């Protein structure tokens with residue numbers, strides 16, 4: 001048993017210590033000492049199939065500035081590093097990819113997170129509830145002929161609502177409470193954007209909770225600002241919405257199964273599987289009409305994001 005353990009350590013120690021892998025969305029900083037009082041003092045987890053990309057995704061979801069890989073299998077997040085000084089023993093291979101470096105004993109391979117990310121959350125069906133003109137869910141209403149459950153969740157997540165409801169095929173309503181008018185059993189209309197989903201009925205909401213405390217179901221990573229022309233750079237589906245947000249466009253293009261999405265000119269969303277044929281630009285500065293804290297490109301310029309699934313923590 002001791003022989004096997006030593007063999008594993010020998011096989012999983014990198015032959016070229018300090019040679020960290022290049023990762024999209026992160027920049028390697030260096031090897032830093034850790035102690036019981038953690039250098040990276042945010043969230044942490046261990047995995048039998050850890051890779052730097054997996055750790056990046058996890059720490060992006062914590063809104064951390066840095067992440068570190070330690071001892072083959074540990075991922076640590078934080079907003080500062082270096083309080084215990086530099087180290088020289090980051091030479092252990094990651095459990096998920098022996099060609100990549102995952103620190104050493106009490107030593108972190110530290111990266112900065114370059115690109116911002118946001119996460120999308122799951123939802124749980126609660127039931128069918130009656131509605132009236134004085135709305136049961138009174139925190140926002142959006143009507144769209146391509147309505148789906150994910151689009152409605154993204155819209156209401158952006159409003160930081162606890163619940164959302166789908167009504168009469170194409171209506172989405174948000175709120176922090178429900179049930180004023182009691183339950184009903186008439187929710188049977190298919191959503192206009194997905195015939196396999198139910199979008200309530202006339203004056204009846206299919207009500208869901210937004211599972212903020214649960215694991216995220218997906219994420220998007222900002223790539224950059226890219227020029228557009230009439231022959232579109234992102235040449236898939238497109239739609240215009242005066243409540244446009246980055247999250248809303250993410251949900252729309254994720255439903256189209258595309259790899260990228262772009263937000264343009266305050267209220268436009270474009271989807272596609274490639275980008276960049278007209279080159280980069282630096283004019284993405286217009287606020288999204290649905291959330292002024294977010295940037296939605298400019299005239300003929302897309303703020304482009306990559307759509308990523310949240311890595312699972314299952315065995316390799």
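Within the listed set 303, 109, 293, the Gaussian network model of the chain (springs between alpha-carbon atoms below 10 Å) gives the highest mean-square fluctuation for 293.
From its DSSP helices (H runs of at least four residues, each -39,500 (n - 2.57)), the chain gives a residue-normalised ellipticity at 222 nm of -3500 deg cm²/dmol.
Our estimate of slack between residue 37 and residue 293, defined as 0.36 nm per intervening residue step minus the Cα-Cα distance, is 88.6 nm.
Region 188-249 and region 88-106 have Cα centres lying 39 Å from one another. Ordering 250, 84 from the fewest to the most neighbouring beta carbons within 10 Å gives 84, 250. For the chain, the longest principal axis of the alpha carbon atoms and the long axis of helix 2-11 meet at an angle near 70°. Comparing 30, 127, 279 in a Gaussian network model of the chain (Cα springs below 10 Å), the most mobile by mean-square fluctuation is 279. As a proxy for reagent exposure, ranking 283, 23 by other Cβ atoms within 10 Å from fewest up yields 283, 23.
Contact order for the chain, expressed relative to its length and based on alpha carbon pairs under 8 Å spaced 6+ residues apart, stands at 15 percent. Ordering 180, 245 by the number of other Cβ atoms within 10 Å of each residue's own Cβ, fewest first, gives 180, 245. In terms of its C-alpha gyration tensor, region 218-308 has a rounded overall shape, because the principal axis ratio a/c (a ≥ b ≥ c, square roots of the eigenvalues) stays below 1.5. Label-to-label distance, residue 186 versus residue 160, with points set 7 angstrom from Cα along the beta-carbon direction: 3.6 nm.
Can you give me the angle between helix 149-158 and the longest principal axis of the chain, using Cα atoms only, in degrees from 0 to 90, rounded to the nearest 10? Result, in degrees: 80. For helix 52-61, report the angle its Cα long axis makes with the longest principal axis of the Cα atoms of the chain; keep it between 0 and 90° and round to the nearest 10°. With rounding to tens, the tilt is 50 degrees.
No value in this document is a laboratory result; all are computed from the given coordinates. Just so you know, these numbers come straight off a predicted model, no measurement behind them. Neighbour counts run over all protein chains shown; Cβ positions are idealised from the backbone, glycine included.
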